[in-house]
Amino acid sequence: MNEVEEKKDDVLEINGSNFTEYFKVCGRNKPCKGEIIAKFTAIAEFIDGRMKLDIIDLLYNKEGKVQAAIQVLIKLGGAIEKDAIRVCKNICSDLYSGMTPEEVEAKVYKYQMESFYYTKKEYVPIDDPHWEIINIKNLDDFLDSSGKTLRMESKLTVDSKKEENEEEEKEAEEEKAEKTEEVQ
């Protein structure tokens, strides 16, 4: 990720040691007033390690666990869905073609990863192709006055097609019941 160091000549520097002070992972944290979502995208290398061993185990030793392997790569590896599917497919192809699980573990698979953070707009690197700003236009409308609690309201509406289908099913059941009574 973009590494900049802590204040030198009024320039904010963010590095590995203070990154989490300025960038909060979406999904694990709540947004605050004035924050935007920053998306970081890069090409990652899926190298040997615990996560790769778990995915190989799911694909090689467990029947019907392909979706679980894909979800692990998305959730823990930050892979985009298309690439998670491709990497799992390539691992399966390699295993099917005769590679041992150890050889597959040693092989490097590349994929596109992305991660999302709540942060202030001024903390996102400028002119860096890995970073993109996603504005939350009305976020402040949903935060309470303290800026800490997300407040949303929703209205439940009934799907008219669902109601029509339920009515048709009910009528069909009534007709079936009437025919059954006539036969008896």
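Some points to look at:
- Given (1) surrounded by fewer than 18 Cβ atoms within 10 Å (Cβ to Cβ); (2) at pLDDT below 95; (3) of a type in the set (A, V, I, L, M, F, W, C); (4) in contact with an Asp or Glu (Cβ under 9 Å, 6 or more places away or on another chain), index of the condition Ala106 fails: (2)
- Sole residue being on the phi < 0 side of the Ramachandran plot, under 17 Å from the mean Cα position of the chain (by Cα) and modelled with pLDDT of 95 or more, chosen from Ala38, Ala69: Ala69
- Contact map, the range 45-70: first residue of a type in the set (Lys, Arg), second residue in a helix (DSSP H, G or I), Cβ cut-off under 6 Å, separation 6 or more or different chains; pairs are Lys52/Glu105; Lys65/Leu58.
- Each residue in the range 77-121 was checked for being under 30 Å from Ile136 (Cβ atoms) and touching a residue at least 40 places away in the same chain (Cβ under 8 Å), and 11 of them qualify.
- Qualifying residue in the range 97-106 (condition: of a type in the set (D, E, K, R), more than 30 Å from Phe19 (Cβ to Cβ) and out of contact with any Cys (no Cβ under 8 Å at 6 or more places or on another chain)): yes
- Members of the range 122-161 that are outside any loop (DSSP other than H, G, I, E, B) and at pLDDT 90 or above: Glu122, Tyr123, Trp131, Glu132, Ile133
- Top-ranked residue in the range 5-32 [being acidic (Asp, Glu) and surrounded by fewer than 10 Cβ atoms within 10 Å (Cβ to Cβ); ranked as modelled with the lowest pLDDT]: Asp9
The values are calculated or read from the model by the stated rules, or taken from the named source; none is laboratory data. Predicted, not measured: the structure shown is a model, and the values here were computed from it. All Cβ positions, even for glycine, are placed from backbone atoms using ideal geometry, and neighbour counts span all protein chains on display.
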